[in-house]
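Here's the structure, in structure tokens; my notes come after.
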Amino acid sequence: MVQTLGVALGAGFAAVAVLLHYVSGTGWEPTEDISAEVLERRAAAVPETDFPEPMNRAIGGGGAALPAEGADGELAEGETEAEETGFDPDAIAEDEIEYHEVEFAKEGETIEVANNETILEAGEDEDWDLPYSCRQGQCLSCGGQVKDGDADEYIRHSNNDTLSDDELEKGYCLTCTAYPTSDLTIETSETP
Ligand code: FES
């Protein structure tokens, strides 16, 4: 009798287990993954830049920066061509190198300076203690004054971020970026 009851119970549990196996479940579905959609929306919200970026942005769909030009190659409104500043002394070919007599008034000497050498470098080669700071035409520490007149007629700057046209006309120059184009007399340590 006990054995029959045990078999019956076992059969019952087995039937329940089989039944549960085929029941369709609770209807629960996992939430849809919307991370890609969120990233896309954030990407659309990030404005494009018109300057080159060192690398693509991870989010934002930036990719390579677009040039600031219209489809027809015109510069976008408000954009200007890079301003022409100075010249490149390294571009002077060997056979185009010329030497000019430069009188350093305060030092009391006249030396030859090549047109691919700055007045500051030439003076330093003479062991004169001339003033300078940035050596890039961005300050006024190395200022000098051409005594003969308009500086532009005697030297040319590879870079001049400091002196105005008016100051150049008065003979002022930045000796660290000034290359002679003619014989001249200069007073070092002179600034406007
Ligand atoms: S050292 Fe700065 S402009 Fe010459």
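If I model a spin label as a point 7 Å beyond the Cα along the Cα-Cβ vector, how far apart are those points for Asp127 and Glu103 in nm?
Output for this residue pair reads 2.5 nm.
If we sort 121-127, 98-104, 139-145 on the protection proxy, mean other Cβ atoms within 10 Å, highest first, what's the order?
139-145, 98-104, 121-127
Obtain the nm distance between the two label points defined at Gln138 and Thr110 by a simple spin-label model: each point lies 7 Å from its Cα along the Cα-to-C-beta direction.
Going by the 7 Å Cα→Cβ label model, 3.7 nm.
Label Val16 and Asp165 with points 7 Å out from Cα along Cα→Cβ: what is the distance between them in nm?
Spacing of the two 7 Å Cα→Cβ label points: 10.1 nm.
Coordinate-derived values only; no laboratory data. Bear in mind the structure is a predicted one, so any value in this text is a computation, not a measurement. Cβ sites come from the backbone with ideal geometry, for glycine too, and all protein chains shown count toward neighbours.
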